[in-house]
Structure formats: C-alpha cells, structure tokens
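Only one structure is covered here, and it is reproduced in the block below.
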Amino acid sequence: MSDPRDLSLAVIGVGHLADYTLTGLRRGGWRGALRLGPRGAAKAAELAARCDGTVFATNAAAAEGADLVLLATRPPQAVEAAQSLDLAEDQVLVSVVAGLPLAGLAPHAGGAALARAMPVTAAEVGASPSMVYAESPEAMAKIAGLFGLCGRAVPAAREADFEVGTALACVYGWFFALYAHLADEAQAAGLSPETARRMTLGMAEGAARVAAETGRKPDEITAQIASPGSFTRLGLEHLEDRGAFAPWEEAFGLLMEKLRGNT
Ligand SMILES: NC(=O)c1ccc[n+]([C@@H]2O[C@H](COP(=O)([O-])OP(=O)(O)OC[C@H]3O[C@@H](n4cnc5c(N)ncnc54)[C@H](OP(=O)(O)O)[C@@H]3O)[C@@H](O)[C@H]2O)c1
C-alpha cells in the first residue's frame, strides 16, 4: 500500500468533525490532496485555505478520483449525501456517521469499499483513539494508516465492536463535563481558575497515561492508591456509597441499546 500520508481524501459534509480531523491529519504529516464538497461554503472555503484543499462545485466532483471519501454529514443526511456521489470500485467510502451501519450505505456506494471511522476532537492535537472498521483488508489498511496520523487507529474486528467504540467516543465527551465540575470545586476551594483547570486536566492526563503506559488495570491502580485510611479512600467510598458509577454504566448501556438499534 502507498504511504497513507499521500492518500487523497474527499470530504462530503464539511462541518465540525471535518474541521478537527483535517486539522489533525495535516498536523500529523498528511500531504495528500484534499477535495471538499461545496455545502457550507464559508466553512469549506476556510478549511480549504487552512488545510490546503480545493472546494468543488458538487459532492460528486469532490469525490471523483479520491482514494478515500469521508462521509461526514449528520445521520439524517447521510444516505442522501451518499446518493449524490458516483463512486468507483477502487475508492473507499469512509463513514464517520454515528449509528449508521454499513448495510444502510451499501446500496448507495456504487461498489466502492465501505469503511467506518470514529475520530474524536482529540484528533486536532494528534491524540484521537479512532476506532476503524472496514469490510476489506485493503480498505482497513488505508483507513488505519490515515487515522493513525491524527492519533491512534484502533481496528474493530467486527462492525458490532465498532458500535462499542462509538459509545466510548461519547464517553470521551462526558469526561469534559466531569473535569468542569471538579475544576469548579477546586476553584471554589480557593485555586485560581487557571490553576484549577491545569491541575484537574493534569490529573486526568496523568491517570490516563499511567494506566496506558504501564499496562496496569485501572481498578488495581485505584486499589493501590486508595489504601485504608487514605484521603483517596475516604472520597472513593463516598462515591461508591452514593452509587456514583451506576449512572455512568446506565448511560453507556443506553447508548449501546440505541447504537445497536434495540430502541
Ligand atoms: N462532532 C463530533 O464530535 C463527532 C464525533 C464523532 C462522530 N461524529 C459524526 O460526524 C458526523 C458529522 O458531525 P458534525 O458534528 O461534523 O456535524 P456538522 O458540524 O453539522 O457538519 C455536517 C455538515 O454536513 C453538511 N451536509 C448536510 N447534508 C449534506 C449533503 N447532502 N451533502 C453535503 N453536505 C451535507 C451540513 O451542512 P448544513 O449545515 O447546510 O446542513 C454540515 O456542514 C455526524 O454524523 C456525527 O455522528 C461527530
């Protein structure tokens, strides 16, 4: 396979996801041609200027000849946007549309290989753990190579696993809400806003890194730190007594039900 940095990419649905993903890809060394669909003219023009791309007159013209075509509309517009394309068999249609199985796109893909990816906003700083799934090994190699440039591509063995990755991409969004509450508490207890923010985010980053880089299980790390009589244990027991983790598990389950089409 050619170097993923040279893959050409068309983007159909130039919005928030396109912005952070393209920013991260360029930052990560991607140098392939960027072909943007016309919808959202101001955003498309701004991204074309910032990320060295070209805006085309129609979705089909943008997608024509691109190695990968990123389908990045919101879910209700995805099928209509796919139908506006005229894809060839040597292209890969990569959907980032949450909750839309590939079977829903297959009739509109014109024989192109189908794939899914779920980059989160951390792509912008080269740190998205992006789950990727494709039906063919060739397509998987291409999208894993590309999304590896804005973080880490995590291949899903089955499409059902991809839905779990999508739910975790939503959990990523919840973490910010937790950090905001904790930073507010630290500020209310006397820290300056900047120190409260830096300390809260630093603890979150440190926790994630130590678990990832040592390979130790998070619950073992907690058990070691929250030793009997420690302040950490005092707070942890209060959280457990109040059932603080149950709503997180429930919210995760709620998303899984939706993503798997059971509700
Ligand atoms: N944002 C995230 O953090 C995130 C994370 C993971 C996955 N996703 C997925 O990414 C997708 C896009 O989300 P987003 O946040 O980037 O949404 P967004 O900011 O609303 O961008 C979607 C863009 O698609 C355009 N569009 C709609 N119909 C179109 C069509 N037929 N042809 C071409 N473009 C069309 C919209 O234009 P108009 O405004 O004119 O309709 C809009 O510019 C969603 O399906 C979501 O599930 C998003």
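The values are calculated or read from the model by the stated rules, or taken from the named source; none is laboratory data. Everything numeric here is computed off the predicted structure, so don't read it as measured data. Neighbour counts run over all protein chains shown; Cβ positions are idealised from the backbone, glycine included.
Condition first: out of contact with any helix residue (DSSP H, G or I) (no Cβ under 8 Å at 6 or more places or on another chain), in contact (Cβ under 8 Å) with a residue 12 or more places away in the chain and surrounded by fewer than 18 Cβ atoms within 10 Å (Cβ to Cβ). Now tell me which residues in the stretch 62-86 satisfy that. Don't jump to the end; show me each part of the working.
Taking the stretch 62-86 and keeping what is out of contact with any helix residue (DSSP H, G or I) (no Cβ under 8 Å at 6 or more places or on another chain), we get 62-66, 74-77, 80.
Filter once more, keeping what is in contact (Cβ under 8 Å) with a residue 12 or more places away in the chain: 62-66, 74-75, 77.
64, 65, 74, 75, 77 - these are the residues of the stretch 62-86 that are out of contact with any helix residue (DSSP H, G or I) (no Cβ under 8 Å at 6 or more places or on another chain), in contact (Cβ under 8 Å) with a residue 12 or more places away in the chain and surrounded by fewer than 18 Cβ atoms within 10 Å (Cβ to Cβ).
Would you check which residues across the stretch 175-200 are assigned to a helix (DSSP H, G or I) and surrounded by 15 or more Cβ atoms within 10 Å (Cβ to Cβ) and list them? Let's see the steps before the verdict.
Narrowing the stretch 175-200 to residues assigned to a helix (DSSP H, G or I): 175-188, 193-200.
Residues satisfying the conditions are 179, 182, 183, 186, 187, 196, 197, 200.
What number of residues within the stretch 35-61 are part of a strand (DSSP E or B) and either out of contact with any helix residue (DSSP H, G or I) (no Cβ under 7 Å at 6 or more places or on another chain) or free of Cβ contacts under 8 Å to residues at least 24 places away in the same chain (or both)? Reasoning before the result, please.
Of all residues in the stretch 35-61, those part of a strand (DSSP E or B) come to 35-36, 53-55.
Imposing the further condition that a residue be either out of contact with any helix residue (DSSP H, G or I) (no Cβ under 7 Å at 6 or more places or on another chain) or free of Cβ contacts under 8 Å to residues at least 24 places away in the same chain (or both) reduces the set to 54-55.
Looking only at that region, the number is 2.
Would a scan of the stretch 99-121 turn up a residue that is among the charged types (D, E, K, R), buried (at least 17 other Cβ atoms within 10 Å of the Cβ), within 12 Å of the ligand (Cβ to nearest atom) and part of a helix (DSSP H, G or I)? Step through it out loud before you land on a result.
Taking the stretch 99-121 and keeping what is among the charged types (D, E, K, R), we get 116.
Next cut, buried (at least 17 other Cβ atoms within 10 Å of the Cβ) only: 116.
Next, only the ones that are within 12 Å of the ligand (Cβ to nearest atom) stay: 116.
Adding the requirement that they be part of a helix (DSSP H, G or I) leaves none.
Scanning the stretch 99-121, I find no residue that is among the charged types (D, E, K, R), buried (at least 17 other Cβ atoms within 10 Å of the Cβ), within 12 Å of the ligand (Cβ to nearest atom) and part of a helix (DSSP H, G or I), so the answer is no.
Just to be sure I understand the filter: pairs with C-beta atoms under 6 Å, separated by 6 or more residues or on different chains, first member in the stretch 1-20 and in the same structural domain as residue 35 (by TED's automatic domain parsing) and in contact (Cβ under 8 Å) with a residue 60 or more places away in the chain, second member β-branched (Val, Ile, Thr) and not in a loop (DSSP other than H, G, I, E, B). Which pairs pass?
10/69; 20/121
Just the residues that are near the ligand (Cβ under 9 Å from one of its atoms) and in contact with a Ser or Thr (Cβ under 7 Å, 6 or more places away or on another chain), please, taken from the stretch 37-64.
Selection gives 38, 59.
Any residue that is without any contact (Cβ under 8 Å) to a residue 24 or more places away in the chain and acidic (Asp, Glu) - is there at least one of those in the stretch 187-208? Steps first, please.
Our first condition is that a residue be without any contact (Cβ under 8 Å) to a residue 24 or more places away in the chain; within the stretch 187-208, this holds for 187-203, 205-208.
Retained after the next criterion (residues that are acidic (Asp, Glu)): 194, 205.
Within the stretch 187-208, one or more residues are without any contact (Cβ under 8 Å) to a residue 24 or more places away in the chain and acidic (Asp, Glu).
So for the stretch 65-73 (the condition being within 12 Å of the ligand (Cβ to nearest atom), assigned to a helix (DSSP H, G or I) and within 16 Å of the chain's Cα centre (by Cα)), does at least one residue qualify? Let's see the steps before the verdict.
Restricting attention to the stretch 65-73, the residues satisfying the condition of being within 12 Å of the ligand (Cβ to nearest atom) are 69-73.
Subset that is assigned to a helix (DSSP H, G or I): none.
Checked against the condition, which is being within 12 Å of the ligand (Cβ to nearest atom), assigned to a helix (DSSP H, G or I) and within 16 Å of the chain's Cα centre (by Cα), the stretch 65-73 yields no hits at all.
Would you confirm whether any residue within the stretch 21-28 is within 15 Å of the ligand (Cβ to nearest atom), farther than 24 Å from residue 90 by Cβ, in contact (Cβ under 8 Å) with a residue 60 or more places away in the chain and among the β-branched types (Val, Ile, Thr)?
Yes: the stretch 21-28 contains one or more residues that are within 15 Å of the ligand (Cβ to nearest atom), farther than 24 Å from residue 90 by Cβ, in contact (Cβ under 8 Å) with a residue 60 or more places away in the chain and among the β-branched types (Val, Ile, Thr).
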